[in-house]
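Notes follow once the structure below has been shown.
The values are calculated or read from the model by the stated rules, or taken from the named source; none is laboratory data. Remember, predicted model here, so these are calculated numbers, not experimental data. Heads up, the Cβs are rebuilt from the backbone with ideal geometry, glycines too, and the neighbour counts pull from every protein chain shown.
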Amino acid sequence: MEILCYTRKPMEDMIYAGRLAFSMHLAWRKEAGDKFIPFHHNEGLLYAKAVQRQDGTLVAKSLRNPRIFQKKDDGYGVVAVRTEADGEPDEESKGSVLFWESRDLVHYREIGLCRLEKDVLIQQVGCEYNYEKDSYRIVWECGDGKTMETWGNPFGGQIGEGQEIQKGTDEIWKSGATEESLVEIEGCRDGNCMVIPDELGEYLIKKLMVPVCEQIEITEDSSFRERCAQAFYSDGQVVKRKIDWEPDGRSGRIHQEHFPFPFAENRADPCCMYWHGKYYFIATNDADNNHTLYIRCADTLEGIITAPEVLLLDSVTYPGIGGLLWAPEFHEIGGRLYIFHGATEGEFYYEESRVMQLREGGDPMCREDWSKPHMVVKQDGTPLCEAGKVISLDMTTFVYEGSVYAMWSQRQFIPVDQGAFLYLAKIDEKEPWKLLTTPVCVALPEYGWENNHTFVVEGPYALWHDGQLMITYSGAAVDATYAVGLLKPVMGSDLLNPANWRKNNFPLLSSRSVPGEYGPGHNSYVTDENGLTWNFYHARPGVQGVRSACARRVHFDIDGEPMLDVTEEKDLPKDRTVHLA
């Protein structure tokens, strides 16, 4: 298999801005002469990290002219010219280029800047490993037109002094790509090609292309108490699905919930819970500028689409609880049910995380059964954030190795606006509005898709699969550029050590994932009575459309990570009828 590495030409700001276009994209083809097919919706897979200043603020960076090369071992390297966020020359990177390494061309580790010479802007760069010399050869083109080369090891070793070579001699950044191969892909510009093993190519296809259901088989399964269906997908995954049998018991249809897009307008940050045999739904209410929270209840998952709403909380009942009632989430902790949400005494700069508790034996649909919201406080009892200077929001919880943790988004505005970062702490199981440990920052809006229009990561939510804890979160501005990313800890490690967290470089869900859905984000998960996991998120039906609630089944890929773009049409065939032999 052959892969193509490239960047894209920026489009209109809300559609595909420079911070997205100036990232590394990949495409593939089986054989020479075939057309290249973009991976991952023709969206970037590798972004340069932002630079953090001493005051905590971030300066966004991008990349140009990326080149993939084979490392000495079985892995791969990437080298590129670092730029400012929108592709302009980066003065801080004069004489230097960026290197990454990857074992599989999906997960990358940024090595950092490698200095090649002083005070000269580098235009093009390429790298290759030479087995005879047991060294890497780096060739680059300077802004003054000179072509230079050096030898060494950019992955932790020494780099020799650069020497000028004749221009046009073995410029390895030109290897493989042709204008014909580039123009076949929308916006594609300036790439290089590489042949990779078929095994790796198959992994990339299964990992980065949206799978489709290819075959259905009927099987016995005691957990369904009857025969069920096995759906086989193009990525090799198998998912068990319920069958709605006809009275004769000989024929039926594979059960598939249908959620229209969207199913609830002006409902953002949606959260759905399956609790005591019923489904509950709650979301931010954009229809009244976030002054109320309404709750729904239904016997079936689809039933929440048409279930009546009941007022749960407003901005006038309690002193200190004003507008901006944001991002409500259900969480059961120690057998008690809670709703975590944001609220403010008045203006935006006083937004703080709060927790409501359902009385024992209470009805979630009865507002009188919920406590007054408790403000989240630190170990010493003081507020989590300094009002008017720092805000907290989007708090979520999960249990890990017997301890209860909270993760939230926190943004400092004074003395400087640092942007919104993700923080983590242990909390008290009996009074979950109380922190037990000092908060630690575990994620920054480093990548171009996270800091597009604003430096924000927010909306974390925990998802467990096959013993692995995963956190999905949202980044960028809450407009058509909003997107969902993935954060995972090293299992068995100390979660309060930021070094034990790993973040995927590219988004799982964005405006490019599903046509017509813009700015998808702030999602949550629910597992239904049939064991299927569902993603509830908001998106816009149009670039300027209102934030509205949506839902789709979560498909877990070959690495056990969530795929959030497997639409209903690809999830199951149009004809879902099955018959017993």
Quick check on region 386-396. Is at least one of its residues surrounded by 21 or more Cβ atoms within 10 Å (Cβ to Cβ) and either of a type in the set (Lys, Arg) or more than 20 Å from residue 427 (Cα to Cα) (or both)? no
Collect the residues in region 287-324 that are under 26 Å from residue 274 (Cα atoms) and either touching a His at 6+ places or on another chain (Cβ under 6 Å) or of a type in the set (Lys, Arg) (or both), keeping them in residue-number order. 296
Within region 251-310, the count of residues that are closer than 21 Å to residue 539 by Cα and part of a loop (DSSP other than H, G, I, E, B) comes to 15
If only one of 275, 245 is aromatic (Phe, Trp, Tyr) and farther than 18 Å from residue 329 by Cβ, which one is it? 245
Hits in region 425-453 (condition: aliphatic (A, V, I, L, M), touching a residue at least 60 places away in the same chain (Cβ under 8 Å) and over 21 Å from residue 57 (Cβ atoms)): 425
Test: residue 343 is at pLDDT 95 or above, touching a Cys at 6+ places or on another chain (Cβ under 8 Å) and not β-branched (Val, Ile, Thr): no
Please go through region 230-248 and pick out each residue that is outside any strand (DSSP E or B) and free of Cβ contacts under 8 Å to residues at least 60 places away in the same chain. 234, 246, 247, 248
Any idea which residue in region 132-158 is surrounded by the fewest Cβ atoms within 10 Å (Cβ to Cβ), counting only those that are among the polar types (S, T, N, Q) and under 36 Å from the mean Cα position of the chain (by Cα)? 158
Check whether at least one residue in region 86-93 is out of contact with any strand residue (DSSP E or B) (no Cβ under 9 Å at 6 or more places or on another chain) and in contact (Cβ under 8 Å) with a residue 60 or more places away in the chain, and report yes or no. no
I'd like to know if region 434-445 contains one or more residues that are in the same structural domain as residue 545 (by TED's automatic domain parsing), out of contact with any Leu (no Cβ under 7 Å at 6 or more places or on another chain), of a type in the set (Ser, Thr, Tyr) and surrounded by fewer than 18 Cβ atoms within 10 Å (Cβ to Cβ). yes
Return the residue satisfying two criteria in turn: it lies in region 1-12 and is over 30 Å from residue 199 (Cα atoms) and in contact (Cβ under 8 Å) with a residue 24 or more places away in the chain, and of such residues it is surrounded by the most Cβ atoms within 10 Å (Cβ to Cβ). 10
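A quick yes/no check of all residues on (1) crowded, with 22+ Cβ neighbours inside 10 Å; (2) over 25 Å from residue 328 (Cα atoms):
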residue	(1), (2)
496	no, no
509	yes, no
520	yes, no
537	yes, no
545	no, no
550	yes, no
557	no, yes
Expected output for region 249-268 (first residue farther than 16 Å from residue 304 by Cβ, partner among the hydroxyl-bearing types (Ser, Thr, Tyr), Cβ below 6 Å, 6+ apart or cross-chain) is 253/577
Taking strands (runs of 3 or more DSSP E) that do not extend beyond region 483-581, which have at least 2 residues that are among the basic types (Lys, Arg)? 501-503, 548-553
Could you look through region 367-385, keep only residues that are farther than 18 Å from residue 436 by Cβ and in contact (Cβ under 8 Å) with a residue 24 or more places away in the chain, and pick out the one that is surrounded by the fewest Cβ atoms within 10 Å (Cβ to Cβ)? 372
Criterion (under 23 Å from residue 326 (Cα atoms) and in the same structural domain as residue 391 (by TED's automatic domain parsing)) met by exactly one of 466, 494, 417: 417
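Answer yes or no as to whether residue 288 is within 29 Å of residue 483 (Cα to Cα), out of contact with any strand residue (DSSP E or B) (no Cβ under 8 Å at 6 or more places or on another chain) and free of Cβ contacts under 8 Å to residues at least 40 places away in the same chain.
It is true that residue 288 is within 29 Å of residue 483 (Cα to Cα), out of contact with any strand residue (DSSP E or B) (no Cβ under 8 Å at 6 or more places or on another chain) and free of Cβ contacts under 8 Å to residues at least 40 places away in the same chain.
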Run residue 477 past the list (1) closer than 18 Å to residue 393 by Cβ; (2) assigned to a strand (DSSP E or B) and report the number of the one that doesn't hold. (2)
Please state which one of 29, 64 is of a type in the set (Lys, Arg) and farther than 26 Å from residue 118 by Cβ. 29
From the set of residues in region 1-28 that are among the charged types (D, E, K, R) and in a loop (DSSP other than H, G, I, E, B), which is nearest to residue 515 (Cα to Cα)? 12
Would you check if there is a residue in region 332-340 being touching a residue at least 12 places away in the same chain (Cβ under 8 Å), in the same structural domain as residue 566 (by TED's automatic domain parsing) and over 23 Å from residue 460 (Cβ atoms)? no
Note on region 29-53: residues assigned to a strand (DSSP E or B) and under 23 Å from residue 81 (Cα atoms) are 38, 46, 51, 52
Residue ID - nearest to the chain's Cα centre (by Cα), chosen from residues in region 376-399 that are within 20 Å of residue 413 (Cα to Cα) and assigned to a strand (DSSP E or B): 394
